[in-house]
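Below you'll find the structure, written out as structure tokens, and then a few comments.
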Amino acid sequence: MHRRQQSRPANPSHRSRHVRPAAAADPRRHRLRRRVRSARRGRHRPPGGGRRRRGAGGRGADARLRPGRRLCRAGDRRPRGRGGTGRSGVVIVKVCGVRTAEIAEVAVEAGADWIGIVFEPRSPRHAAEADARAVVAAVAGRADLVGVLVEPSSATCDELAARYRLSAVQAHGDVPRDLVSRCDVPVIRGINADSAEAAFTVDWWPDGLILLDAAPDADGGLPGGTGRRLPPEWAAEVARHRRILLAGGLGPETVADAIARVRPHGVDASSGLEREPGVKDAGLVRAYVRTARAAFDVLAEQGSVSAEGAIR
């Protein structure tokens, strides 16, 4: 794949004068922007002990760039699903690669916060236009929709966000830092790494939310979901310094242990919920979401979730 190298702004602390104002019409987008932007773990610094960069007005890079707060404030409880089960919006449970209205409904009813729709045509989880629209209609604003893309342009991000009511995009591959400031929606950075050191070397905003997944096979393949679990020891090291969505082979039987050992800001599962590539199993989706919610509740009962939404 040929890529056009995008230059980094000389001073990333300030937006370009050509940046369009962020769209504010969709309340779902505003809620997720707050969530991806703050819930910061201010006590932790990146390795090396350096201070975080500050933006205009003394705010951190996350406040300036919009990758977010949680969807609702800590302690705020809101109904989800027919049962009206309320819960705090402190942590994130995401189901990715959703292609059908049935699976979207199951995920939302079980309590998923985010539903991921894959727009990369080479992926077996790619959602065609009719499928994506069916997922959007099934979710009906009860969860946030995240578009999953490989090396997207800002124009592509904005077009898909408007067409499918996306609250954010999740970008994989070679993603420049300034994509955040050029998009009208928050950007979650997908990182594939084989060690904590490799994850820390990725050029991304220190306070930005990242999705952490295992490195792809030696023969290459698409960046993104690998289906392989991350070693919890070094994944936990990354989680102590960065706000992460933990991915990599998660499913009903593995997610509780991963949450307990890594203590991520959220979890993301796709291949571990499938009967075959691209075909989700409703029972696995339901069990994964409920198990993840219960595991995060255990952390909260242990006092491991702060009022600001950080995992201690």
**Whether the range 115-188 is rounded, prolate or oblate, judged on the alpha carbon gyration tensor where a/c under 1.5 counts as rounded** = oblate
**Asked** Fewest to most neighbouring Cβ within 10 Å: what's the order for Arg243, Arg263?
**Response** Arg263, Arg243
**Request:** Please give the net charge around Thr291, taking every other residue with its beta carbon less than 11 angstrom from that of Thr291, where Lys and Arg add +1 and Asp and Glu add -1.
**Result:** 0
**Prompt:** Highest mean first, what order results for 249-262, 127-140 on Cβ atoms within 10 Å?
**Reply:** 249-262, 127-140
**Sum of side-chain charges, Trp234 neighbourhood, beta-carbon under 10 Å (Lys, Arg +1; Asp, Glu -1)** = -4
**Fill in**
Per-residue Cβ contact counts at 10 Å, fewest first, order Trp205, Trp234, Trp114 as Trp234, Trp205, Trp114
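Throughout, read-outs are computed from the coordinates displayed, never taken from laboratory work. In this text the structure is predicted, and so the values were computed from the model without any measurement. Quick reminder, even Gly has a Cβ in these numbers, built from the backbone with ideal geometry, and neighbours come from all protein chains shown.
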